[in-house]
Amino acid sequence: SRSNLVTYSNDFSNSIWGKSNVSVSYASNLINPEGLMGTYVVDSIGSNPRLRRYSFPIGTHTYSVFLKAKDSSYFKIRIYDGSTNFDVDFDLINGTFTELNTAIGGMDYYGNGWYRCSLTCTLAGVGNLQKYPSTTDSGGVYMYGAMLEQGSYATSYIPTQGSSVTRVAESCNNAGNDQVINSTEGVLYCEIAALADDNTKRYI
């Protein structure tokens with residue numbers, strides 16, 4: 001079971017996201033990571049541009065968001081607990097990231113230039129989140145699907161529209177027992193589809 005603590009996970013124009021020197025707009029003609037139309041554009045319009053969200057609980061948290069380079073290939077996620085800045089700097093062109101101050105970063109490619117970028121840290125005090133779309137006063141990124149959850153890794157995206165949402169724990173029924181599936185034999189079955197057809201190796 002996990003909860004998305006971000007109450008407006010995909011509306012970055014909402015007032016829960018404090019804004020400093022950024023403009024936020026909605027682009028209905030752009031394909032988002034879910035393969036549907038519509039995503040947000042966050043552009044820098046001054047020095048130290050950032051989106052902010054304040055006050056979430058002490059403990060281990062993971063924040064994740066889908067990002068795609070626009071005019072800027074750089075993006076920083078920072079969580080501050082009153083004494084430490086936990087930072088991860090992302091390169092949205094080369095698909096790399098740099099971790100600072102015991103922050104744990106993650107970056108998964110979703111095709112069409114989209115990455116799901118994440119930061120995991122353990123807070124000693126009440127935390128606040130800041131997101132920087134550029135290192136200068138110009139440039140911007142495409143953004144979609146923010147999620148803040150208590151836990152040491154990111155789970156699948158939970159959309160919210162005005163309140164936090166909890167997904168119940170998954171269960172597996174009619175899966176047999178140790179008389180049917182044991183340590184030396186069994187069957188692996190899955191149905192999968194590639195997110196892109198770009199000659200990248202895919203294997204199990």
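The values are calculated or read from the model by the stated rules, or taken from the named source; none is laboratory data. The structure displayed is predicted, hence computed values, not measured ones. Cβ placement follows ideal geometry from the backbone for every residue including glycine, while neighbour counts extend to all protein chains displayed. Ligands, DNA and RNA are excluded from the accessible area calculation, which covers all protein heavy atoms including side chains. Shrake-Rupley method; radii C 1.70, N 1.55, O 1.52, S 1.80 Å.
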- Message: Condition first: over 24 Å from GLY38 (Cβ atoms) and of a type in the set (Asp, Glu). Can you find one or more residues in region 155-175 that meet it?
- Response: yes
- Item | Odd one out for GLN130, checked against (1) outside any strand (DSSP E or B); (2) within 22 Å of THR39 (Cα to Cα) | (1)
- Find the residue count for region 22-52, including only residues that are open to solvent by 80 Å² or more (accessible area, probe 1.4 Å), of a type outside the set (A, V, I, L, M) and not in a strand (DSSP E or B). 3
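Here's the yes/no breakdown for (1) assigned to a strand (DSSP E or B); (2) within 22 Å of SER23 (Cα to Cα); (3) touching a strand residue (DSSP E or B) at 6+ places or on another chain (Cβ under 6 Å):
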| residue | (1), (2), (3) |
| --- | --- |
| SER64 | yes, yes, yes |
| SER83 | no, no, no |
| PHE86 | yes, no, yes |
| GLU99 | yes, no, yes |
| THR136 | no, yes, no |
- What pairs come up if the first residue lies in region 85-108 and is over 21 Å from ARG52 (Cβ atoms), the second is part of a loop (DSSP other than H, G, I, E, B) and open to solvent by less than 70 Å² (accessible area, probe 1.4 Å), and their beta carbons are under 7 Å apart, counting only those six or more places apart or on different chains? ASP91/SER73; ILE93/SER73; GLY106/ALA154; MET107/GLY95
- Message: Going residue by residue through region 1-15, is there one that turns out to be touching a residue at least 12 places away in the same chain (Cβ under 8 Å), out of contact with any Leu (no Cβ under 7 Å at 6 or more places or on another chain) and among the basic types (Lys, Arg)?
- Response: yes
- In the set LYS19, LYS68, LYS76, the lone residue that is in contact (Cβ under 8 Å) with a residue 60 or more places away in the chain, assigned to a strand (DSSP E or B) and of a type outside the set (Val, Ile, Thr) is LYS68
- Task: Output the number of residues of region 167-204 satisfying the condition of being within 30 Å of ILE16 (Cβ to Cβ), exposed (fewer than 10 other Cβ atoms within 10 Å of the Cβ) and at pLDDT 80 or above.
- Result: 2
- Would you pick out the residues in region 53-88 that are open to solvent by less than 50 Å² (accessible area, probe 1.4 Å), of a type in the set (A, V, I, L, M) and over 19 Å from ASN14 (Cβ atoms)? ALA69, ILE79, VAL88
- Of the residues in region 1-48, those that are in contact with a Lys or Arg (Cβ under 8 Å, 6 or more places away or on another chain) and aromatic (Phe, Trp, Tyr) number 1
- Message: Take VAL6 and tell me if it is of a type in the set (Val, Ile, Thr) and either at pLDDT 95 or above or closer than 15 Å to ARG78 by Cβ (or both).
- Response: no
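Would you call THR120 part of a loop (DSSP other than H, G, I, E, B) and open to solvent by less than 60 Å² (accessible area, probe 1.4 Å)? First the steps, then the outcome.
Numbers: part of a loop (DSSP other than H, G, I, E, B): no; open to solvent by less than 60 Å² (accessible area, probe 1.4 Å): yes.
It is false that THR120 is part of a loop (DSSP other than H, G, I, E, B) and open to solvent by less than 60 Å² (accessible area, probe 1.4 Å).
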- Query: Hey, does region 100-107 have a residue that's farther than 20 Å from TYR74 by Cβ, surrounded by fewer than 22 Cβ atoms within 10 Å (Cβ to Cβ) and hydrophobic (A, V, I, L, M, F, W, C)?
  - Reply: no
